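Here the structure is laid out as structure tokens; the discussion comes afterwards.
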Amino acid sequence: CDFNHAARTCSHCRDNNVGCTFDLPLAKRGPKSRKRPNPSIPPEAVSTFSGCRSFPPPLSTLVRNTTPGITTTTFGSPSNSSTTTSWETPASLALGSAAAAGPSPSPIWDFAAAGPTAAPGVSAFRSWHNLARALALQNKILEQVVEQCFRLFFRYLYPLTPLIHEPSLREGFSVFASVPLIAGHGHGGGTTPREKACIRHGISERIAETLPCLKSSAWARPSPEMRSPAAGGEVMPFWREATFTLITAVCAEAAFLLPKELFPEGEQVADLFLQASRNCLSSYLEADLECPRADSITIRYFHSNCFHAAGKPTFSWHIFGEATRLTQVMGLHDESSLDGLPAVEAEMRRRAFWIVYMGDKSAAILNNRPITMHKYCFESGITTAYPTGIDGPCPSSVASRGATGGATGGTTGSDAAPPASPSRNFIAGFNANLKLWQAASDLIIQIRLFQDQQALHHHAGPDGPPSTNALPESERRRLDSLFVHFITCMDDLPPFLHPSSACSTAAAAAADDDDAASIEANQFVIQRANLQVSFHCLRVVITQKFEDIALPGAEQADLRKTEIVRDMLRVMHETPFWSLQVNGEPNVEKIRLAGATLLSIICRNQASPLAARARLDFGILLNILTRLNSKASDALKSTSSLAI
């Protein structure tokens, strides 16, 4: 442009007899500055899934569309503009760069109120749909994967961790799975709400019919267990988050712990379920800590198991510590803390306490962690009764619990009578495992107390060696009594859990049968493998403890330990290998401890026939560990400086 300031025009405009105009806005040169986030948008409105950045407006600007037959939701503009923006509901939010086809009907209860009470439900249902879209990228349907995880969990893992009330879990699952169906009221053009829901989820009508929880008859309300006793039975404001977190924690437990021979898709979905569960837990963490339930402990216990199986033992121990603190805060060591609770919630809290108790002993013995849950830790001791085996909505089961739930000191009426149902059968195995770890920890604690007394009273000086005096007679009788109690604690096992049971071989060939008899037999195989491997592992540990205080002949003690390891090898040889895999990382740690014992025997007895025996058995153990394919073992191998 040849604009002439004197003539105030340019040649082009002068030839056309028009005045010069300047319409381009002035702009700063240089790189564009990033826009600051809108302070009116709360941080929790952003999805925790990576790649999903959806920013709904504040709930205070929410306006319901009251047009008859239409359930869409509109939001007032967060700015001063007079326009109204239509926002997509959580049911149609996209994950990552995937965009929704358009606004979809909102679930009835998603925006029942414009305030904080509605926020928890929004977050939970959004997380559900985000998870569905993440699985859709793998050509998987969320409802089908969850059903598969539930089926595998209750078949293989539930006998070891009976922390879930299956009817309540499936009731909560039906709430989430039926959200699209409830949302489809304002349909038209001949498309039914069911068809719209199936299309939006990518679920064909045929698949939807195969999922019981997607049928309208299965639509559920919050179960009684989701009500807070402290609030007079009112529904907890975060029950949707708690239900979603529990569902995804159960799925993560199955995906991480089950071998690929039983769950081939587990590795592909494990991280998704675990991350979804962790993210949702963080959204109501403060409320959960202020008003904990049995599921609060269960969720953290499952998270800890998943990270342990993923080869992160330190992080796993940290999360397990949260579960431990909750059991202490809730006073679950005292049976009276369960008074006034619903029958199912009381039973689940009882089981949660005892499984944390066992996990605490396992971590102390196998991983050299401090013991934080013992009868000496509580002023009143431990009076919580053993679990009784209530797993269904059957009224007779609830009534039987009321007759036996008042026992204290770890004894219940179920111990006096033979099991009468499959649920009581596997609870007998759970209680046997509990008694085993309880007897072992009592003995180990007593040995540690004696060692402390010996070091305190018989030191030659501040830096002198401890005395090697023999055990006092009273202390010897005490230790002998505890040792006999430990050795005989499994003598009264029911026939289906006895190591000589004949159902082990039959179940090995039918590990994936769907009939009830095979499923029950497989559960007993899993419990039997856990009991026997744990028993022999604890025998090795206790033998070493006695060697430390009594100082017998070293070669004699080593011989005894090789015999115990051979007993363990015999059990693992007679047990189906899949049952060893299902027992997970704790089972690997027990085998690893036995292998470390054999290595020390080999180093101490180079010229003895014991070295040849230990070397042979160590090769067998190493082969088993290799086949188990432990990620935690791989992590130890990568950080170890020991050359074997």
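Just so you know, all these numbers are worked out from the coordinates, no wet-lab data involved. Owing to the predicted nature of the structure, the values given are computational and were not obtained by experimental measurement. Here the Cβ positions follow ideal geometry from the backbone for every residue, glycine too, while neighbour counts run over all protein chains shown.
Mind scanning K561/K590; K361/K561; K435/K545; K361/K590; K361/K545 and naming the pairs with a C-alpha gap bigger than 18 Å? Result: K361/K561; K435/K545 exceed 18 Å.
Between the C-alpha center of the stretch 143-174 and that of the stretch 241-319 there is a gap of 13 Å. Among the GluC sites (Glu not before Pro) within the stretch 274-379, those in coil by DSSP and having at most 12 neighbouring Cβ atoms inside 10 Å are E379. Taking amide H positions as placed 1.01 Å from N in the peptide plane, with prolines and chain starts having none, which residues 5 or more places from T9, or on another chain, fall under 5 Å of its amide H? Excluding prolines and chain starts, which carry no amide H, the hits are N4.
Apply the Karplus curve 6.51 cos²θ - 1.76 cosθ + 1.60, θ = phi - 60°, to the phi angles in the stretch 263-272 and return the couplings in whole Hz, x for Gly and Pro. After applying 6.51 cos²θ - 1.76 cosθ + 1.60, I find 9, x, 8, x, 5, 6, 10, 4, 5, 4 Hz.
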